[in-house]
Number of protein chains: 2
Amino acid sequence: MKSTASTSEKILDIAQSLIVAGGYNGFSYADISAAIGIRKASIHHHFPTKAELVSALVDRYRQQTEAGLKSLHERISDPAGQLQAYVNYWHSCIGDASMPFCVCAMLAGEMQMLPEEVASQVRAHFHGLAAWLASVLRSGAENGLFRLDKPPEEEAHMLMASVHGAMLSARAFGDPGLFILIVAPQIDRLRAR
Amino acid sequence: MKSTASTSEKILDIAQSLIVAGGYNGFSYADISAAIGIRKASIHHHFPTKAELVSALVDRYRQQTEAGLKSLHERISDPAGQLQAYVNYWHSCIGDASMPFCVCAMLAGEMQMLPEEVASQVRAHFHGLAAWLASVLRSGAENGLFRLDKPPEEEAHMLMASVHGAMLSARAFGDPGLFILIVAPQIDRLRAR
DNA sequence: TGTTGCCTACCTACTAGTAGGAAGTTAAGT
DNA sequence: ACTTAACTTCCTACTAGTAGGTAGGCAACA
């Protein structure tokens, strides 16, 4: 239930949606305060500094991502389906506007002016995602499901870039459908011919 | 010569590099003031509001882009070479850190909280770039140089997303070489087999 | 004489962050 | 059962600093 969410989780929820909309410098304690009906000082009680808040937020995001990918592996065994499920997840997030952009992709754009603690977590997310994609592509290639032109690590980077670029285009053009139009052919391309 | 650059051009130069580093909310008049040794109020003399400043900046960026692509067409006639030159341009910008990110890609991420005048120009840039890529791909396909799996417009969107995603990955991983590692195979893929 | 470019000085609104206290909760100690 | 102490959550009230923006003046120049 939503009503059982703790205050600190509510703070992270709204901060996350504000970051997705405008990045690290695009929100303030006052914005969060207004959104959940609590005073600024109370937010500082839960998260003393903005850097700590965002750091906790990215930490949670990374755990959620890890848990999501793990449960995905439990529900779907074939690598092609796993890739499809990953892409479908983002397709629906963008489609229903619940999270129209990856938190870490947003922050990666501002990398140079992020507090170091946040920057290193963003880097870690990118490494983790690239590793997951590479492992899925590798096992798919071993099964003969995928035909890779490059090593799995490079194909993973290419796919990740397509996904992030597709998010950006969908946002720039204001057209959620653009995401899947861009990403789907990139996945088809990997399937053994 | 750099020394003949007018003050307003210097303002746009530094503002552009600050936007590339941290987006619309990532810089202030005070930052520009400190960087070029002029008072804040003097910047307001040239650009009364921040929205006007960024709007002028994106306008200039779009003109520079248009001029660059035009001269590219004059120097290089074959579509494959044109595509290669476009990618090489960004490769060198990212490599020497002179402009490690596209201004409009940066702003597109913050689309939702941009002043409308800026947002529409960013959209226009994306439309223009997609159209240029589509026209290059189309003429390449007509020459038999490219073999496209999808209509040129869709292939253009895919390529543009790869380029922007590759910029983001290069920044996230702190590895300029990642850009070309991601983009080069996407171009090779288009070449007739 | 008016215009351009820059200045000093200032304004209001907002930024992250702090100090200190009120209210309620929990868990012993008696 | 009653008290006390520690802890949590949230509050009001405040700070120093920064945000974008304005008013008015001065000097160079057309």
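None of the figures in this text is laboratory data; all of them are computed from the coordinates on show. Since we're looking at a predicted model, the values are computed, not measured. Cβ sites come from the backbone with ideal geometry, for glycine too, and all protein chains shown count toward neighbours.
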Legend entry - Residue among A:Q64, A:I76, A:M160 farthest towards the positive dipole end of segment A:58-190, charges placed on Cβ: A:I76
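Work through the residues other than B:A134 whose Cβ is under 13 Å from its Cβ and net out their charges, Lys, Arg +1 and Asp, Glu -1. Write out the running numbers ahead of the final one.
Working: positive: B:R138, B:K150; negative: B:E142, B:E153, B:E154, B:E155.
Residues close to B:A134 contribute a combined charge of -2.
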Inset, instruction - State, to one decimal in nm, how far the label point of B:S6 lies from the label point of B:I38, with both points 7 Å from Cα in the Cβ direction. - result: 1.0
Inset, instruction - Rounded to the nearest 10 degrees, what's the angle between the helix B:116-142 long axis and the longest principal axis of chain B, both from Cα atoms, 0 to 90? - result: 20
Legend entry - Förster-model FRET efficiency, 22 Å R0, B:S28 and B:E52, C-beta, rounded to 0.05: 0.90
Inset, instruction - Give the cross-link partners of B:K150 among the aspartates and glutamates, using a straight C-alpha distance below 15 Å as the criterion and excluding same-chain residues fewer than 8 apart. - result: A:D188, B:E142
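If you wrap a convex hull around the Cα atoms of segment B:124-193, how much volume per residue is inside, in Å³?
In segment B:124-193, the Cα hull volume divided by residue count equals 78 Å³.
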Inset, instruction - Enter the angle in degrees (range 0 to 90, nearest 10) between the Cα long axis of helix B:152-173 and the first principal axis of the Cα atoms of chain B, meaning the one along which they spread out most. - result: 50
Inset, instruction - Report the local net charge at B:L178: Lys and Arg +1, Asp and Glu -1, summed over other residues whose C-beta lies under 12 Å from its C-beta. - result: -2
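Rounded to the nearest 0.05, what FRET efficiency do A:E116 and B:S139 have when you use their Cβ-Cβ distance and R0 = 45 Å? Can you show the working numbers first?
Values: r = 47 Å, r/R0 = 1.05.
E between A:E116 and B:S139, to the nearest 0.05, is 0.45.
With runs of 4+ DSSP H residues as the only contributors, calculate the mean residue ellipticity of chain A at 222 nm using -39,500 (n - 2.57) per run, divided by the residue total and rounded to the nearest 500.
On the way: 9 runs with 144 residues, N = 193.
-24500 deg cm²/dmol, from helical runs alone.
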Inset, instruction - Put a label point 7 Å from Cα along the Cβ direction on B:H45, then list its distances to the equivalent points in the other copies in nm, shortest first. - result: 5.1
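Pull out a ≥ b ≥ c, the square roots of the eigenvalues of the alpha-carbon gyration tensor of the protein assembly as shown, then state rounded if a/c is under 1.5, prolate if not and a/b is larger than b/c, and oblate in the remaining case.
Values: a/c = 2.01, a/b = 1.05, b/c = 1.90.
Judged from the Cα gyration tensor, the protein assembly as shown comes out oblate (a/c at least 1.5, b/c at or above a/b).
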Inset, instruction - Give me the angle, in degrees from 0 to 90, between the Cα long axis of helix B:50-75 and the longest principal axis of the Cα atoms of chain B, rounded to the nearest 10. - result: 30
Legend entry - Cα-based shape type of chain A, given that a ≥ b ≥ c are square roots of the gyration tensor eigenvalues and the cut on a/c is 1.5: prolate
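Below 12 angstrom from the Cβ of A:A67, what's the summed charge of the other residues (Lys, Arg +1; Asp, Glu -1)? List each step's numbers first, then the result.
On the way: positive: A:R60, A:R62, A:K70; negative: A:E66, A:E74.
Cβ neighbours under 12 Å give a net charge of +1.
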Inset, instruction - Starting from a label point 7 Å past Cα on the Cβ side, list the distances from B:Q63 to the same position in the other copies, nm, shortest first. - result: 5.3
Legend entry - Inter-copy spacing of A:S77 label points, which lie 7 Å from Cα along Cα→Cβ, given in nm from shortest upward: 5.9
